[in-house]
Structure formats: C-alpha cells, structure tokens
Amino acid sequence: MPGRAEARNLAGRGDPAGRTDEVVSPSDRGSPRRALLACVALTFVLHAASYVLNTQLPLHLLTLGGSHAHIGWLFGVTTTVGLLLRPQVGGWTDRFGARTVMLPGGVALVLTTLVLPLADRPLTVIALMVGLGVANALISTTASIVVANESPGDRRGEWLSFFYVFSSAGVALGPPLGFALAERGGIRLAFAVTIALSLVTTALVFTLRAGSGPPAAARAGGLPWSRHALPASLVLIIITMGHATVYAFLPLHAAAAGLGTAGWFFPLMSGFTIACRLVLRRASDRAGRVPVLIPAIALLALGNTMLATPPTRLSLVIAAALLGSGNSMLYPTLIALVVDRTPLAERGRAIGTLSGAWDVGVAVGAPLIAALVQARGFASGFLASAVVTALGLGMLLLTERLRRQPT
C-alpha cells in the first residue's frame, strides 16, 4: 500500500520540494523509535563533550603561548578532517550500517581525550584535533543519517528537529560545564570529564542494532558525493564560514569589554535554539523547507551583526536570541530538504555531502576570520561572519530560482 507521499504523487499532487521517498517502511528496518532514542542520546553526549573542549581549548592554547591565529587552526584542523570524511561516511553508512561506521569514531574520541592532557605545546594540541574530527565525522553524521532514513516523509522535519534539539542541549551544556570545571579544578578536570563523556559515547554506539544499510545501497556507485545535495551544500559552505567565530572569540570579546567570559551566553543561545525547535518542529513539514530557511538565515546574519557592535549585556542577550532562533531551523531543514530530493539508496551519501559542506565552510572561514581578528579586532570578525551569512541567503534564493527554471 503506498505511503502518504506516494499517494499524493499518484493523485497528481506531487510535493513541491521534489521528494523522492521510496516505499520502505521504517518498521521493516527495525524499531524507528528505538533508533531515534539511541541517536538522541549519542548526539547529546557527543556535543556536550565537544563543546567543553571548544570553549576551553582556545583559552588553554593562549596559556600555552599560542595566538589568536592558533585558535583559528584549532577549529580548522577538526573541520578539515570532517570535510574529507563526511561524504565517505554517508556512503559507508548506506552500505555497512550505522554501528559499524560509528565504532572507529568512538575509539578515536576516547584516544584523543586521553592524550590531550599530555599535550604541552599549541601545535601538539592542534594536531590532536584530527582525532576529534574523525570522531565527530563518524558518529554525528551517521546518527543524522539513521534519523533521516527512519523518519516518515511527512514528518521528517519534525523528527530531525527533535534529534537536533538534543544536539543543541549538548551544545548548551558543554560551555558552562567547561567553564565550571575549569574554575573548580582547572583544565585538568575539564579533560577528565571529557574522557568520561567519550567513554559514555562509545558505549552508546553499541545500543544501535548491527546490520547493513538499505539493500539498494549496495548497488549504488559513482562519485563519493551526491549531486542531489550540491546546491544546499554550496549555501551551507558560505553560511558556515563564520560559524566558529562566536565560539572562538565571544568569551574573549566579552572579557575585553569587562563582561567576563560571558559563559551564560552559550546556554542562553542554545535555550532559544531548543525552544524554537520544539515549537517549530513541524514548520517545514507544513510550510515548506525554503520558506523556513529564509528567515532562519536572516536571523543568523542579524545575530552576528549585533555581536559586531560594542558588547553590553543587553546586546549579547539579543544576539543570543537571534543566533539561537536562526540556528534552530537551519540545519534540520536543510537536511530534510536534501533527503526529500534524494533517492533512498543515496541518502547517506547526500547527508554526508551536506555535513562535509559544513566542515568546508568552517575550515575555510575559521582561519581567515581568525587572521582578521588578529589584525583588525573582534568586531571585524563578527561583521565578516554577518556578511558571509547574508551571502549564503542570496545563494539559497539563486539556487532555488535556477531549480525552478525549465530545463
């Protein structure tokens, strides 16, 4: 019996997003709800550990004698590894199954967190970020693929939003946890907690059922990236060139203005992200993907513009609200858009392509903006982030216009 998306197409009411859902019941591949819960737990713990490190390692690098440019490379190395791996991860998940792909990532995460406390030079810390990049690419990309594949087409935006609520919860917890640990026991205590979280992450991987991906994936060949994801990936590359700026430089920017490290900023921003994802979780299923993406990207540009102004507590609160609200619907909606337009056997590769695009943007943008901050100050870095985000919005409008033109 055809599913809802197919029934709409048979009735002559095809989805305007160009969905290519195949008639594969999620229950035929195991329990969708169980898979969702396992991936929710994974993304929460992994993001909490990652953002403890993302907020503490820049300060740690400075104490080791590093510079602002070193901070840019700290994020650049991690994301460069991700951009090389993520398209491959998508194809591997399509063929071999989620648990098989995630386990090496768990091993890389544990080993990296064990060795980090021993690193006593900035370049050594930066080199160890290779392991963190491997872990994030293998685990987080695969988890999002599982959720996208298990979700029904007419509720895909809702399921992905729910999944990313817990990513945001991990992002919200990580920075204040990192600052609290550093204040109580220094960077050594922060490292000890990330080791524990990495072990929990690896244990959670085993809760996913073993097995291969969809049967049709074994027959899928071709390039390591998906052409179905290329327009959205180009948009994401441009937007994320400024993504790392807030995590790398907001604490330093606030401290320079006499506001302390503003550790409260990150949980506030993530609080807005979580609230908006919960309230708007079905927005793109009902209104369409692109009508949700346009205001989301505009809010991100406005948030970075606010951070470029002389910081006050009020301006930081407004920026957190704008950035959190914009982030809430950007990535889940882009993934839903790409999955809608991609055949089942190629969805892992398509999500891997989109995830790799995130890493390309950060890898290219983080060092450039770090160099700009080093030369011109924090405000210039945040303003540059606002400009590239606005350019990303323009690219989205252009690619959608070209897509609608007859061939």
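The values are calculated or read from the model by the stated rules, or taken from the named source; none is laboratory data. The model shown is predicted, which means the values in this text are computed figures rather than measured ones. Cβ: placed from backbone, ideal geometry, glycine included. Neighbour counts: every protein chain shown.
Out of Thr333, Thr342, Thr305, Thr309, report the one residue that is under 18 Å from the mean Cα position of the chain (by Cα) and not small (Gly, Ala, Ser). Steps first, please.
Working: Thr342 fails: under 18 Å from the mean Cα position of the chain (by Cα); Thr305 fails: under 18 Å from the mean Cα position of the chain (by Cα); Thr309 fails: under 18 Å from the mean Cα position of the chain (by Cα).
The match here is Thr333.
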Within the stretch 127-151, residues being over 30 Å from Val338 (Cα atoms) and either at pLDDT below 90 or among the basic types (Lys, Arg) (or both) number 0
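State the number of residues belonging to the stretch 126-169 that are part of a helix (DSSP H, G or I), over 16 Å from Gly105 (Cβ atoms) and either under 14 Å from the mean Cα position of the chain (by Cα) or not polar (S, T, N, Q) (or both). Give the derivation first.
Step one: of the stretch 126-169, the residues part of a helix (DSSP H, G or I) are 126-150, 153-169.
Checking which are over 16 Å from Gly105 (Cβ atoms) leaves us with 126-127, 147-150, 153-166, 168-169.
If we keep only those that are either under 14 Å from the mean Cα position of the chain (by Cα) or not polar (S, T, N, Q) (or both) as well, we get 126-127, 147-148, 150, 153-166, 168-169.
Adding up the residues that qualify gives 21.
Tell me, please, whether a residue that is modelled with pLDDT of 85 or more and assigned to a helix (DSSP H, G or I) can be found in the stretch 24-33.
no
Name the residue that is modelled with the lowest pLDDT, counting only residues in the stretch 34-55 that are of a type in the set (Ser, Thr, Tyr) and farther than 21 Å from Val339 by Cβ. Don't jump to the end; show me each part of the working.
Within the stretch 34-55, the subset of a type in the set (Ser, Thr, Tyr) is 43, 50-51, 55.
Checking which are farther than 21 Å from Val339 by Cβ leaves us with 50-51, 55.
Values: Ser50: 90, Tyr51: 89, Thr55: 84.
Only one residue tops the list, namely Thr55.
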Report the residue count in the stretch 286-306 for those that are surrounded by 21 or more Cβ atoms within 10 Å (Cβ to Cβ) and either among the acidic types (Asp, Glu) or in contact with a Gly (Cβ under 9 Å, 6 or more places away or on another chain) (or both). 9
Counting just the residues of the stretch 309-324 that are surrounded by fewer than 22 Cβ atoms within 10 Å (Cβ to Cβ) and touching a Ser or Thr at 6+ places or on another chain (Cβ under 7 Å), which one comes out nearest to Ser167 (Cα to Cα)? Ser315
Within the stretch 128-138, is even one residue among the small types (Gly, Ala, Ser) and touching a Cys at 6+ places or on another chain (Cβ under 7 Å)? no
Pick out the one residue from Ser315, Ser284, Ser325 that is in contact with a Phe, Trp or Tyr (Cβ under 8 Å, 6 or more places away or on another chain) and of a type in the set (Ser, Thr, Tyr). Ser325
Looking for something touching a Phe, Trp or Tyr at 6+ places or on another chain (Cβ under 8 Å), crowded, with 18+ Cβ neighbours inside 10 Å and polar (S, T, N, Q) - is there at least one such residue anywhere in the stretch 242-257? yes
